[in-house]
Amino acid sequence: MPFLDDIPIKGCAVEEKDKSLDDQGCRRFVTDHIRDVEQILSRLKEVDLTLSGTKSVFGVPEVIVVGHLCGTFGSRPSPMKVDVIQCIQDCTSVTEVRRFLGACVFYRIWIPHYAHITEPMYELLRKGKKFGWGTRQGEAMAR
């Protein structure tokens with residue numbers, strides 16, 4: 001069965017948030033967004049997709065979507081996830097290196113020169129390489 005997780009519905013651009021009102025006294029951009037949400041929910045109902053009411057969030061300025069904080073600013077890494085990654089201690093095994101790099105690779109688009117920085121850790125994953133955590137790996141992890 002296909003699984004769908006996180007359906008973000010983008011609102012209007014900041015410059016479109018004017019103060020013009022509709023017939024019921026609601027700001028027009030809000031009415032337009034509610035109409036968009038209604039159309040999407042109707043389409044989901046047509047295809048028998050069910051949603052979790054407790055997990056659904058509507059009308060918020062920013063939201064976490066697959067580990068990324070999304071809002072009018074665009075997207076950036078979730079601060080909670082970044083904090084967790086920063087608390088990870090030096091690795092003591094290949095498994096821990098894989099776990100750390102797996103968490104970091106998800107956010108590589110925000111890490112300039114990611115491949116160069118993480119190269120000392122990827123060296124430890126090469127076939128036939130004996131595990132030996134050193135200064136280079138510790139410095140790479142700290143960056």
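The values are calculated or read from the model by the stated rules, or taken from the named source; none is laboratory data. Note that the coordinates shown come from a computational prediction; the quantities given were computed from them, not determined experimentally. Cβ placement follows ideal geometry from the backbone for every residue including glycine, while neighbour counts extend to all protein chains displayed.
See the values below:
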{"quantity": "Residue that is of a type in the set (Lys, Arg) and surrounded by 14 or more Cβ atoms within 10 Å (Cβ to Cβ), where the choices are Arg43, Arg28", "calculated": "Arg28"}
{"quantity": "Condition check for Lys45: assigned to a helix (DSSP H, G or I), at pLDDT 85 or above, under 30 Å from Arg136 (Cβ atoms) and of a type outside the set (Phe, Trp, Tyr)", "calculated": "no"}
{"quantity": "Top-ranked residue in the range 1-15 [being at pLDDT below 75 and closer than 30 Å to Val47 by Cβ; ranked as farthest from the chain's Cα centre (by Cα)]", "calculated": "Met1"}
{"quantity": "Meets criteria (loosely packed, with under 12 Cβ neighbours inside 10 Å, free of Cβ contacts under 8 Å to residues at least 60 places away in the same chain and either of a type outside the set (A, V, I, L, M) or in contact with a Phe, Trp or Tyr (Cβ under 8 Å, 6 or more places away or on another chain) (or both)) for Gly67", "calculated": "no"}
